[in-house]
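Input: a single structure, listed below in structure tokens.
Every number in this text was worked out from the coordinates using simple rules, so none of it is lab data. In this text the structure is predicted, and so the values were computed from the model without any measurement. Don't worry about glycine lacking a Cβ; one is built from the backbone with ideal geometry, like all the others, and counts go over all protein chains shown.
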């Protein structure tokens, strides 16, 4: 497995929507390198025939009756919103310049 | 120290029912203790929010119902009026919930977690919200955005984490009961280093609805107390099926109080206790190993059959955990985007697009450890690495479950030290993420397999508490209470009292609080 580079971290930060300064990227690259190195052995632990476990206790899907249960009012849903208009969240512009 | 706050929750509940103490007196005694030891310059700082008015109002309501007598008084929960502290990862109406993050500073939940609804229904006054590592990510509570909690045994040391606030509150007699959450050890490791009891129930045994999700396939809410019996009562209160949590087990809560009472006889005849070979030796402090060996001797003398079991794949558990957990973190924390709730930070220059607002918000709102885990998880899930990292880690999860299956074919319960070390000094590991991660080496396997675990006090090393962990098969939480209560009884007989009786006295003078 390849080492994690500064460019990798910058790209990951962008994917994760976290702005990072140059100093933060440097620090994070070093720390992640150590962590990734220490966990790399995991990829050699299991052979191809071992099934993956996604959930610790096996459960089968359960359907509930299609009945409306308790829901938040618009006022409750908006009470912590940084910005809202009437009964809606106000979202910053999706595209620049429009 | 006021005698009311030294009572166990079970003892306090009995005195409330007998009318010897009122709930208002009990709540006030704990609020006074919080004022005395929590807030000063060198205060314990277990609480992020103290819920004075509501706690006293609920207490007064319980007192009025008891005083009136009749059917309403008869219908009260046995623990009605016993105060409780809540880890600030669990959402509560009427009190702020911050997850110890700037991202949720001042956030007020519009709904209660299911466990909070149960606590309200049983009328346990809530004393407030306790400190934690930000979004429960850490082993020392030093990653809280609102400052660390101090260990009541030594105010220069960590109380463990992420639930250091709940464990310290209980250890410092600021609350008889608390709730925690355990993703990789966040109930058990703080319990170990503060000399208290903590239980991670079987995955799905307690509803997670309203616990702010960190890693959904690993997270579990559980009790934090000073005695095994208190944990059993609290576990029975918060446990059970919840349609609002799709991973909740649709099964009755086991008879945990009964198991704890049975264990309190100290008799372990016929119980097979498996010592996990891989969870001792290198990396475990000598003092921890000594207390562990003494516990084994005490159990053997009480009739337990001590055998050694091997779990060879545990050596991969920490690595697999640090792939699965951050992967789930990166997904679960995507919702903190500054749009619908929580902090919004605008970029200082350039266009105000949603993408740039998110980037600025998450940069300012999250601390370093949260960012590290989000980036690590994003990496583990990214194209080209998914099979090698996340896929392999899920296979390791299967191997760990198989190790446990084989071990439980030979033993009724497994035993290990809860934490490889006693509480370390504040600041000593904050610059070394990997050293911090190693604190959970003994607790992580249980979360990976979904099985329950308990920590009980095992004595002192260098004057600091050592924890002993029992593990049981999924759905067999009762076995933990039987074995945990037995060891508690055996060791307390040897010590001539509770371990916390030997903790240094905290006062306004030592903490800078209000006398």
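Couple of notes before you dig in:
- Candidate set: segment A:15-57, residues that are over 22 Å from the mean Cα position of the chain (by Cα), more than 7 Å from chain B (Cβ to nearest Cβ) and not in a helix (DSSP H, G or I); chosen: the one surrounded by the most Cβ atoms within 10 Å (Cβ to Cβ): A:47
- Taken over segment A:58-70, the residue count meeting the criterion of being more than 10 Å from every other protein chain (Cβ to nearest Cβ) and within 26 Å of the chain's Cα centre (by Cα) is 1.
- Some residue of segment B:234-246 being within 14 Å of another protein chain (Cβ to nearest Cβ), in a loop (DSSP other than H, G, I, E, B) and crowded, with 22+ Cβ neighbours inside 10 Å: yes
- Counted residues, segment A:84-98 - those being within 7 Å of chain B (Cβ to nearest Cβ) and under 25 Å from residue B:94 (Cβ atoms): 1
- Of the residues making up segment A:72-98, those that are part of a loop (DSSP other than H, G, I, E, B) and either under 17 Å from residue B:352 (Cβ atoms) or touching a residue at least 12 places away in the same chain (Cβ under 8 Å) (or both) number 12.
- Restricting segment B:372-416 to residues that are over 30 Å from residue A:14 (Cα atoms) and over 28 Å from the mean Cα position of the chain (by Cα), the residue that is nearest to the other protein chains (Cβ to nearest Cβ): B:409
- Residue match in segment B:336-353 (condition: assigned to a helix (DSSP H, G or I) and either more than 7 Å from chain A (Cβ to nearest Cβ) or buried (at least 24 other Cβ atoms within 10 Å of the Cβ) (or both)): no
- Of all residues in segment B:247-262, those satisfying the criterion of being touching a helix residue (DSSP H, G or I) at 6+ places or on another chain (Cβ under 9 Å) and either without any contact (Cβ under 8 Å) to a residue 24 or more places away in the chain or more than 14 Å from chain A (Cβ to nearest Cβ) (or both) are B:253, B:254, B:255, B:256, B:257, B:258, B:259, B:260, B:261, B:262.
- Of all residues making up segment B:101-135, the number that are part of a loop (DSSP other than H, G, I, E, B), more than 13 Å from chain A (Cβ to nearest Cβ), touching a residue at least 60 places away in the same chain (Cβ under 8 Å) and farther than 15 Å from residue B:54 by Cα: 4
- Complete set of residues in segment B:60-85 that are touching a helix residue (DSSP H, G or I) at 6+ places or on another chain (Cβ under 9 Å) and part of a loop (DSSP other than H, G, I, E, B): B:75, B:76, B:77, B:78, B:79, B:80, B:81, B:82, B:83
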